[in-house]
Amino acid sequence: MSKNRKLLMGTVVEAANKGASGSILQKRNPTIVFVLGGPGSGKGTQCANIVQHYGYTHLSAGDLLRAEIKSGSENGTMIQNMIKEGKIVPSEVTIKLLQRAMEESGKDKFLIDGFPRNEENRAAFEKVTGMEPSFVLFFDCPEEEMERRLLSRNQGREDDNIETIRKRFKVFLESSLPVISYYDAKGKVRKIDAARSVEEVFATVKAIFEPKNEKVLLLYYWLLLRCLTFWY
Ligand SMILES: Nc1ncnc2c1ncn2[C@@H]1O[C@H](COP(=O)(O)OP(=O)(O)O)[C@@H](O)[C@H]1O
Ligand SMILES: Nc1ccn([C@@H]2O[C@H](COP(=O)(O)OP(=O)(O)O)[C@@H](O)[C@H]2O)c(=O)n1
Ligand SMILES: [Mg+2]
């Protein structure tokens with residue numbers, strides 16, 4: 001058994017022994033939306049818009065990992081090296097950060113951005129927390145466009161250089177796309193053409209978050225029609 005696998009199993013057993021460390025969260029029965037897409041597809045940008053309009057709490061796995069490096073944690077160097085290489089950090093590290101952030105927020109509607117990035121992330125999250133996403137937003141964008149955006153992101157990120165970007169694209173194709181296919185087979189993926197302006201992309205996102213409004217409007221018209229046919 002690999003070291004990562006052992007760590008992961010340890011977390012699962014630990015969680016089960018404690019009666020699942022995610023139990024406080026489970027009691028709150030939170031709504032979870034996974035936000036996926038290649039590097040530079042616009043996940044963070046659109047999450048910020050969703051937070052403003054729909055009151056979700058945004059948790060970016062990448063931001064949590066970068067904060068962990070800055071905090072001087074014992075895992076800091078390992079995380080920094082993985083990010084520089086565009087590799088995916090072992091699930092137990094990322095899941096602990098996500099769980100802690102969800103619990104500390106006291107909120108119950110989460111956008112989980114950049115997670116799960118591989119099958120290990122996905123399976124471990126479901127096992128450890130016992131939670132599944134309501135749906136998955138998938139920002140679909142061609143590599144050339146994502147590359148352009150990443151090279152002009154200017155956030156001083158160590159992984160926004162052409163060498164690491166190429167590695168991240170490979171990891172996305174080989175490890176992250178299968179996760180999207182997994183949720184697609186369950187009918188949970190909402191695929192969005194992300195190669196348009198921020199405003200155009202958000203218009204599509206809005207339609208996904210507001211389908212109830214359309215249903216209410218249809219019900220309203222139906223009731224109006226019934227009243228009219230009754231009166232005349
Ligand atoms: N629809 C868009 N069109 C052009 N640039 C965008 C668009 N969405 C995001 N960007 C820019 O591209 C870069 C990457 O966006 P970001 O939201 O950080 O993507 P991700 O979180 O998927 O890596 C940022 O500089 C952002 O301002
Ligand atoms: N679930 C995750 C998310 C990010 N990461 C690491 O963090 C890096 C940056 O992730 P990010 O989500 O901030 O990157 P973007 O897709 O937003 O550009 C990834 O390339 C991985 O090295 C990870 O290991 N596991
Ligand atoms: Mg991001």
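The values are calculated or read from the model by the stated rules, or taken from the named source; none is laboratory data. Note that the coordinates shown come from a computational prediction; the quantities given were computed from them, not determined experimentally. A quick note on method: Cβ atoms are made from the backbone with ideal geometry, for glycine too, and the neighbour counts reach across all protein chains shown. Just so you know, the surface numbers come from the protein's heavy atoms only, side chains and all, with ligands and any DNA or RNA stripped out. Shrake-Rupley method; radii C 1.70, N 1.55, O 1.52, S 1.80 Å.
Observations
- For VAL128: the one exception among (1) open to solvent by less than 50 Å² (accessible area, probe 1.4 Å); (2) away from ligand 2 (no atom under 13 Å from the Cβ); (3) touching a strand residue (DSSP E or B) at 6+ places or on another chain (Cβ under 9 Å): (3)
- If you filter region 141-159 down to residues that are among the acidic types (Asp, Glu) and not in a loop (DSSP other than H, G, I, E, B), you find that the one that is nearest to GLN80 (Cα to Cα) is GLU147.
Per-residue answers, yes or no, for (1) touching a residue at least 60 places away in the same chain (Cβ under 8 Å); (2) away from ligand 2 (no atom under 13 Å from the Cβ):
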| position | (1), (2) |
| --- | --- |
| LEU150 | yes, no |
| ASP160 | no, no |
| ARG168 | yes, no |
| PHE172 | yes, no |
| TYR183 | yes, yes |
| ALA194 | yes, no |
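- Qualifying residues in region 181-232 (those that are basic (Lys, Arg) and touching a strand residue (DSSP E or B) at 6+ places or on another chain (Cβ under 6 Å)) - the one farthest from ARG149 (Cα to Cα): LYS188
- Among residues of region 209-232, those that are part of a helix (DSSP H, G or I), open to solvent by less than 100 Å² (accessible area, probe 1.4 Å) and free of Cβ contacts under 8 Å to residues at least 40 places away in the same chain, counted: 9
Okay, residues lined up against (1) acidic (Asp, Glu); (2) open to solvent by less than 80 Å² (accessible area, probe 1.4 Å); (3) over 27 Å from TYR56 (Cα atoms); (4) under 19 Å from the mean Cα position of the chain (by Cα):
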| residue | (1), (2), (3), (4) |
| --- | --- |
| ASN161 | no, yes, yes, no |
| ARG166 | no, no, yes, no |
| PRO178 | no, yes, no, yes |
| LYS191 | no, no, no, yes |
| GLU200 | yes, no, no, no |
| ALA207 | no, yes, no, yes |
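- Selection within region 54-83: residues that are within 16 Å of ligand 1 (Cβ to nearest atom) and over 15 Å from the mean Cα position of the chain (by Cα). The member of this set that is least open to solvent (accessible area, probe 1.4 Å) is ILE83.
- Only one of the listed residues (ARG66, ARG117) is within 16 Å of ligand 3 (Cβ to nearest atom) and within 17 Å of VAL171 (Cα to Cα). That residue is ARG117.
- None of ALA20, ALA15 is of a type in the set (Gly, Ala, Ser), on the phi > 0 side of the Ramachandran plot, at pLDDT below 95 and touching a helix residue (DSSP H, G or I) at 6+ places or on another chain (Cβ under 9 Å) except ALA20.
- Qualifying positions in region 34-83 - within 22 Å of THR204 (Cβ to Cβ) and charged (D, E, K, R): LYS43
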